[in-house]
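Please treat every number below as a calculation from the coordinates, not as lab data. Predicted model only: the values in this text are computed from it and were never measured. Don't worry about glycine lacking a Cβ; one is built from the backbone with ideal geometry, like all the others, and counts go over all protein chains shown.
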Amino acid sequence: MLGNTISLLFIVLTIQGIFGEQCLTDQWPPKPERAVPTYVVSLDDPPMERWNQVATAFKTEIIDILAFFKAFIVEINPNLKFLLNLIDDKLPAVADTLPAPYGDEMKGISRATGLPLGEIVLYNIFYEASALCTSMVAQNQYGNVFHVRNLDFGVFFGWDMLNNSWILTEKLRTLIIQINFTRNGEVLFKTTNFAGFIGVLTGLKPNVFSASVNSRVSLQGGYEGLIEWIFNINRNQSFITFVIRDLLTKAESFDSVVSNLTETELIAPCYYIVGGPKAGQGVVITRDRTKTVNITRLGKDNLWFVIETNYDNWKKQPIFDDRLTPCIKCMKIKGQDDVTFESLFNVLSSRPMLNTLTVYSTLMELSTGRYETYWQHCRDEDAPCLPW
């Protein structure tokens, strides 16, 4: 499996030129069956009970993906079996070190699925270390702000030669859900999640702020921070997806969110993309673990949008994975008077923004709270798909 992945990398680097760029106009509306189901999680329920419905509904899929994780670790190298012991011996105790209510929520999911607590912890902290994405905040000519994103996940986790797809990506697609988090019977915020995952990679608090998290490619990634947390070397840092959920729960303004995401010490480097309900409220916050490296604001270079993939957006993008340049070109073609769910979904559905790793697209309108998620699947029969 790993050998196939390495071979694929060399193939991509040598035939990059055959994958063209697109700026499609005919992908909206998505077929109804591509809309993901919506579940309600009540913050008024005890933490250990909040996820019972979701965990029960997706028990089979959660068990399947965790079995894949463990089998893949051993297939990479049988000598890595000690990592499976780490999952059983060390990770259950991590649940008690997490800020409330996250440890108890994981315990509740473990109980509902029958899976060991260590595996549920692994499932929830794994996303701290690896995810590839395209996120964008755009403003139309009337000052209305939209926030959209593609979530790409699963690179190097098993290439299916028969179907030209990443095995992990295919499994994640079966777990996509929208969640309405409620308090006192009212929707407080909305997110797109993988069932059983309690942090937030994509979310909206209507008329307050929206946020998406993109991984920032780094030699150390989030692994160093995770090791420091697990072995109690440094716990004065925050999990990148829990920060977003905390802010969706408590924050009351765009400015306070930007300030918090700029200053908080983190487990992993990342990009926070944040939108607000007022004209001009859109930023990309480039983060190292301990500091903010850069803030790119909506309006920079007289543009009505800010875009982030997985590399610093003020630098030249890598030749093997430049989604930023084609995305900028496509947005300029469409123009500021065509910033709508339809046009933005067409951008997200155009290659190379859409690729073999793309799991879902989410579209958010800040002032109205409109929030829609659709699963995505790049198919070679339409046009060649990049593996990432």
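In this simple spin-label approximation, ARG297 and ALA67 carry label points 7 Å from Cα along the Cα→Cβ vector, and these lie 5.3 nm apart.
With Cα atoms defining each centre, the range 44-74 and the range 320-388 are spaced 29 Å apart in the structure.
The range 115-151 and the range 171-195 have their alpha-carbon centroids 12 Å apart. Peptides 333-339, 223-229 ranked from most to least packed by the mean count of surrounding Cβ atoms within 10 Å: 223-229, 333-339.
Whole number please: convex hull volume per residue, Cα atoms of the range 171-299, in Å³.
Values: hull volume 16.9 nm³, N = 129.
Value for the range 171-299: 131 Å³ per residue.
Note on the chain: Cα-Cα pairs beyond 41 Å make up 8% of the total pair count. Residue ranges 93-100, 312-319 sort as 93-100, 312-319 when ordered by packing (mean number of other C-beta atoms within 10 Å per residue, highest first).
Please rank ILE198, ILE233, fewest neighbouring Cβ atoms within 10 Å first, as an exposure proxy.
Values: ILE198 26, ILE233 10.
Listed from fewest to most nearby Cβ atoms, that is ILE233, ILE198.
Which part of the range 37-76 falls in the paramagnetic zone of LYS90, meaning amide N under 17 Å from the point 7 Å along Cα-to-beta-carbon? Taking a point 7 Å out along Cα→Cβ of LYS90, the residues of the range 37-76 whose backbone N falls under 17 Å are 70, 73-74.
Of the peptides 107-120, 204-217, the ranking by mean beta-carbon count within 10 Å, highest at the top, reads 204-217, 107-120. Of all the options ASN164, ASN302, ASN236, the one that moves most in a Gaussian network model of the chain with Cα springs shorter than 10 angstrom is ASN302.
Out of all DSSP beta bridges with both ends in the range 173-289, state the antiparallel percent to the nearest 5.
Around 95 percent antiparallel, to the nearest 5.
Only Cα pairs under 8 Å and 6+ residues apart enter the sum, and on that basis the relative contact order of the range 181-298 stands at 24 percent.
Determine, from the Cβ-Cβ distance of GLU252 and GLN53 and an R0 of 35 Å, the FRET efficiency 1/(1 + (r/R0)^6), rounded to the nearest 0.05. Intermediate values should be presented prior to the final figure.
Working: r = 29 Å, r/R0 = 0.82.
That pair, GLU252 with GLN53, gives E of 0.75.
Remark: spin-label model distance THR97-GLU33 equals 4.5 nm, labels positioned 7 Å along the Cα→Cβ axis.
Each residue of the range 47-62 was assigned a 3J(HN,Hα) from its phi angle through the Karplus curve 6.51 cos²θ - 1.76 cosθ + 1.60 (θ = phi - 60°); the sequence is x, 6, 10, 4, 9, 4, 5, 5, 4, 5, 5, 10, 4, 4, 5, 5 Hz, with glycine and proline shown as x.
Cα extents for the range 31-108 along the principal axes, largest to smallest and rounded to whole angstrom: 43, 39, 17. Around the amide H of LEU188, modelled in the peptide plane, lie the amide H atoms of PHE181, THR182, ARG183, all under 5 Å away and 5 or more residues distant in sequence or on another chain.
Normalised by residue count, the range 273-379 yields a Cα convex hull volume of 130 Å³ per residue. A full extension of the chain between GLN237 and PHE341 corresponds to an added length of 33.8 nm, given 0.36 nm per residue minus the alpha carbon distance. Considering helices alone, the calculated mean residue ellipticity of the chain at 222 nm is -9500 deg cm²/dmol, with DSSP H runs of length four and up weighted by -39500 (n - 2.57) and normalised per residue. Each label point was placed 7 Å from the Cα along the Cα-to-Cβ direction; for GLU263 and LEU43 their separation is 2.1 nm.
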